[in-house]
Structures are given as C-alpha cells and as structure tokens.
Amino acid sequence: MSEGGLAQLFMTMRPALLRFLLARGVSHGDAEDILQDLFIKATTVAGPIAEPKAYLYRMADNLVLDRSRSAVRRKDRERAWVEARSGDRLDVDDAPSPERAMIARDRMADVLQTLQALPQRTALALRLYRVEGCSQQQIAEQMGISLSAVEKHLQRAYRSMRDCRARLDAEMGNLQRLNDQGGQQGR
Amino acid sequence: MADELTIMEAIQWRLRLRAGLVEDWEAFTIWLEGDPGRAAIYDEVALAEIDADEALPMLQVPPAANDDHHEHARSLWRTPWIGALVATLIAALIGLMALPRLTAGDEFYTISTAKGEHRLVQLGAGNMIALNGGSRMTLRRGDEHFASLEVGEALFSIRHNEQNPFELSIGDDRIRDVGTRFNVIKDPSSVRIAVGEGTILFNPDGEAVKLVAGQGLRRIRTAQPVVHSVDSSAVGAWRKGRLAYREAPLADVVADLSRALGKRVSADQRVANRSFTGVLQIERDPAALVNSLALLLDLQVRSVPDGWQLMPRGRAAD
C-alpha cells in the first residue's frame, strides 16, 4: 500500500481506532493525541505494508504502551526532582536514593531471575519468539513439537513475566507511598 | 481485577495479536470492552514482554548442541542456564551485546565494554555488578565470590556471605566485602573506591583499611591510600548518566568522561590537578558537556582526534 493510501485508510478507520483506544483504557483527550501521532506516522511510513488495517491497530497499541512506559519514567523523574530539591547540599544531584537504586536494581535482577527460572524448553521457545522473531509455527518446527505445545510454553513464560511485573509494580507503589509519607513528616 | 482467567486471556491476546489480522483487533476491542479491568491486565502483560525483551539478550544462550568445537565449553555453559550449580553470568543493559570472550582457558573469562556501553552482570543469586564503558573485568566460572577489575569502572552490589565473602582484586589491591554497594574505578595509574552502603575492607591482608558508607579511598600508583568522604547517595550515579564530584582532580573527571562518552577526553598536565566539584549529566551532547566543564573551570577546549583536550586558557595550542 502506498504512503498516501495508508493515510487515507487511517481516515476511514479513525472511528474504529478511537473505539479501540477508549477500550484500551485511554482517556478521550489522550486518545485524540494518540490518533494525531498515529496519523503523522501513517503519512511517513515507507514501503508497502501487508496488512495495513492490522498495522494501524498495532501502531495504536504500541503508542498506548509507549505512554504507559513514559508515565512511569516521568513519575520516577518527578520524585527524584522533589527529593533533590528538598536536600540542602548544592553538590547533591538528583541521584537515586539508596532505597530506590536498590529497587531499580532488584527490578532488573528479578526480571532476569524470572527468565532464568523458566524451564529450559520454555525459555528456548520464548527466546525463539522474542529474540529470533520466529513465528509460533516456526518454533514448532524447530523444536519438533506441536503448535499447541508451543503456545503452552509461551503462555507459561508470559505468565511468569507478568507475575514478576505485577509484583514489582506493587512494591514500587508501596515505596512511593512510603516516600510520600516521609516527605510530609519532614515538612 | 487480576483474576486468573483475565490474566490468561490477556496473555492469549498478546500472543495472538503479534500476527493479528484486523478481525483479531476488532475481537480484541470487544474483549476489552467486556470489562474495564481487562485493559490494565493486558498492559501488564505487554509491559512484562518489553521487560523481557530488554533482559533476554543478557542471558547466556547455551551454544548449539551440534557445535563440536565447543564440547567442553558447552557443558560449562549449560549448567548456569539450567540454573543449578554454577554462578550465572548475565550481561549488558545498554548498547551492543557481545558474549563474553573466553580467555585463559575455561576457568576464567573476561567481560569487557566499549566506551559508552554499560553492562549488567549477575554473579550468583545475590551479587550484581554494573560495568561502565571502557572497562574490563575477569570472573571465574563457578565462583560467585571473585571478580577482578582490570581497568575501568564498576558498581558492586554484594550480598554478605559470612563463610565465603566476596573478594575483588584491582591490580595488586584487594577488597573484601562485608555486604554492601560500592563503586570502583581502576585507571592505569590509580584506584578510586566509593562506598554507598555497608562496609568493605581494602587490602584485608595488608593495610586493612575499613571503609564505611559515605567514605571513599584513592590510591595513586603505589602511594599510601587516602581516605576521604563521598556523597553516598551519588555512588554509582553514573548508571543514571550522572557523574558527581567533590573536590576531584580534573584528571579523574576526564577519565570518567572518556568512559561515559566513548570519546577521548583528556586534560593538559598543567591543569590535570585542578579541583572540580559538581555534577555532570552525561546524556547531553558530548561536545556541549565538555565545553560547559571547561567554562566552569575557566579552561579552553582543543579538539583532538576523536575527542577533546582541556587546556589552560589563553595559550596557543601546542
């Protein structure tokens, strides 16, 4: 599909994409922003696209995920800034407090440990899927197992990954509350 | 609402949508609309996938089973992958990855980083090492209590083990750890240590200098080590792209900048001992960063191949 074609397709799909974004939990205002971004991206895509409609959905989904990620990062930055401002030494930068540095380190370590704890075949299926970019069918062929067995491996891997993320998010939330309370007492 | 069914469905959607057709996305939309809590669970799954994407390249891959030349290495590599006996090596947060080169036979191996590259190494269950750019470290397979920093900078986060304490060798110096987080910089002529948490012993069998959180040590060549205070919260801040100094000689600052920027930054010997206190944010444009450092110290910048040299102001470049 040509470049102009994708932008044109975007216009006809706009209502469906808006519905998707709202279902995706995005506020109406943010959804409009994302559609704006999406339109700009759609007009600048180079090369033909096999499934242009699915492609637009996928781009919209990725933009939502980008926002979720930068919202987390922004929260971290704001907190670091507030802590830096409340310090009285000029040479103290907004370096992470030891607790937060610890959390960040543990987060990565936990993700790594979660992946390492996966059964070997499950880990292999995940690696083929995410790192090598194999389709589930290709993984089945490469590992000599059925398609549904591949799905089971991937589901198990994703379940462990999601549980790890949910646990870390909960810990981060607790720390945030702890910091907020500490800040109030200090004033 | 993180019920089992929703989680499994969210995972199935994530897997299906990778190669999804427009009909799949429409069906997914209807699934999301079925319960307002589903979007958040799907978000968790998708973000966990991104976490895993960042972590996967750092995990060791067992070499292919049909690779005859690495028969011995394979048996060694496979064990950590299974996660049983041997300390596992994981590497690399940012930048390009390379599997660690095997050196000195099978027992020892070296991990090195290009300038500007960071790597994260996990040693055993509780020990983490973050390696800054332009650094080289040697580890011993199956030994999570040993590391040797040949050159460069690393941040160590070590879980205390009474029976078998972690020991770091830095050239001829040794550090014994007592459960801590500390940063080490090894340049050809000096060693700098800063402790963020806990306690370490510097050369436990020699000077036996005890360093606690908020203390640092500097040794130039074989001179007596000098202990000074550091900002414990800024220890290891290079990982966040920040370099914090308190009355540090410019020679140290430019060495750190070279590592961080992947450029050759040096100081003319007439100004190498100038003292610098402040914070440098290395995410900025390297040239602008070097210029602002020069401005702060009232120095002049000279371009050299692949970098800059800081010189006294008003002198012709010689």
Among the residues of the range B:101-111, the number that are buried (at least 19 other Cβ atoms within 10 Å of the Cβ) and either farther than 19 Å from B:Glu54 by Cβ or at pLDDT below 80 (or both) is 1
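Of the residues in the range A:43-62, how many are in a loop (DSSP other than H, G, I, E, B) and more than 14 Å from chain B (Cβ to nearest Cβ)?
Qualifying residue count, the range A:43-62: 4.
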From the option list B:Phe156, B:Phe182, B:Phe146, single residue qualifying as aromatic (Phe, Trp, Tyr), on the phi < 0 side of the Ramachandran plot and open to solvent by 10 Å² or more (accessible area, probe 1.4 Å) is B:Phe146
If we keep only residues of the range B:275-287 that are free of Cβ contacts under 8 Å to residues at least 40 places away in the same chain and in a loop (DSSP other than H, G, I, E, B), then the residue surrounded by the most Cβ atoms within 10 Å (Cβ to Cβ) is B:Arg284
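A quick yes/no check of all residues on (1) within 22 Å of B:Glu153 (Cα to Cα); (2) open to solvent by 90 Å² or more (accessible area, probe 1.4 Å); (3) out of contact with any Pro (no Cβ under 9 Å at 6 or more places or on another chain):
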| position | (1), (2), (3) |
| --- | --- |
| B:Ala255 | yes, no, yes |
| B:Arg259 | yes, no, yes |
| B:Ser266 | yes, no, yes |
| B:Ala272 | yes, no, no |
| B:Leu289 | yes, no, yes |
| B:Val301 | no, no, yes |
All-but-one check, B:Val230 against (1) over 14 Å from B:Val184 (Cβ atoms); (2) without any contact (Cβ under 8 Å) to a residue 40 or more places away in the chain; (3) within 14 Å of chain A (Cβ to nearest Cβ), failing number (1)
| said: Condition first: assigned to a loop (DSSP other than H, G, I, E, B), modelled with pLDDT of 60 or more and buried (at least 19 other Cβ atoms within 10 Å of the Cβ). Can you find one or more residues in the range A:109-132 that meet it? | reply: yes
Within the range A:151-167, of all residues that are aliphatic (A, V, I, L, M) and surrounded by 24 or more Cβ atoms within 10 Å (Cβ to Cβ), the one nearest to the other protein chains (Cβ to nearest Cβ) is A:Met161
Residue pairs within 8 Å by beta carbon, gap of at least six or interchain, first lying in the range B:22-42 and within 7 Å of chain A (Cβ to nearest Cβ), second aliphatic (A, V, I, L, M) and open to solvent by 10 Å² or more (accessible area, probe 1.4 Å), listed first then second, are B:Thr29/A:Ala16; B:Thr29/A:Ala23; B:Leu32/A:Ala23; B:Glu33/A:Ala23; B:Ala39/A:Ala23
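From B:Met58, B:Met1, grab the single residue that is open to solvent by less than 50 Å² (accessible area, probe 1.4 Å) and either touching a Leu at 6+ places or on another chain (Cβ under 9 Å) or modelled with pLDDT under 95 (or both). Steps first, please.
Working: B:Met1 fails: open to solvent by less than 50 Å² (accessible area, probe 1.4 Å).
Result of the check over B:Met58, B:Met1: B:Met58.
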Taking the range B:133-154 and keeping only residues that are among the charged types (D, E, K, R) and either without any contact (Cβ under 8 Å) to a residue 40 or more places away in the chain or touching a Ser or Thr at 6+ places or on another chain (Cβ under 8 Å) (or both), one is left with B:Arg136, B:Arg140, B:Glu150, B:Glu153
Restricting attention to the range B:121-141, the residues that are under 17 Å from B:Ser169 (Cα atoms) and assigned to a strand (DSSP E or B) number exactly 12
Inset, instruction - Examine the range B:131-140 for a residue that is under 27 Å from B:Lys263 (Cα atoms), open to solvent by 50 Å² or more (accessible area, probe 1.4 Å) and in contact with a Gly (Cβ under 8 Å, 6 or more places away or on another chain), and state whether such a residue exists. - result: yes
Residue pairs within 6 Å by beta carbon, gap of at least six or interchain, first lying in the range B:236-256 and within 11 Å of chain A (Cβ to nearest Cβ) and touching a residue at least 12 places away in the same chain (Cβ under 8 Å), second acidic (Asp, Glu) and open to solvent by less than 10 Å² (accessible area, probe 1.4 Å), listed first then second, are B:Leu243/B:Asp256
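Picking from B:Val191, B:Val151, which residue would you name as being surrounded by fewer than 19 Cβ atoms within 10 Å (Cβ to Cβ) and modelled with pLDDT of 85 or more?
Within the list B:Val191, B:Val151, the selection yields B:Val151.
The values are calculated or read from the model by the stated rules, or taken from the named source; none is laboratory data. This one's a predicted model, so the numbers in the text were calculated from it and none came from an experiment. Neighbour counts are summed over all protein chains in view; Cβ atoms, including those assigned to glycine, are modelled from backbone coordinates with ideal geometry. The accessibility values were calculated without ligands, DNA or RNA, using every heavy atom of the protein model including side chains. Shrake-Rupley method; radii C 1.70, N 1.55, O 1.52, S 1.80 Å.
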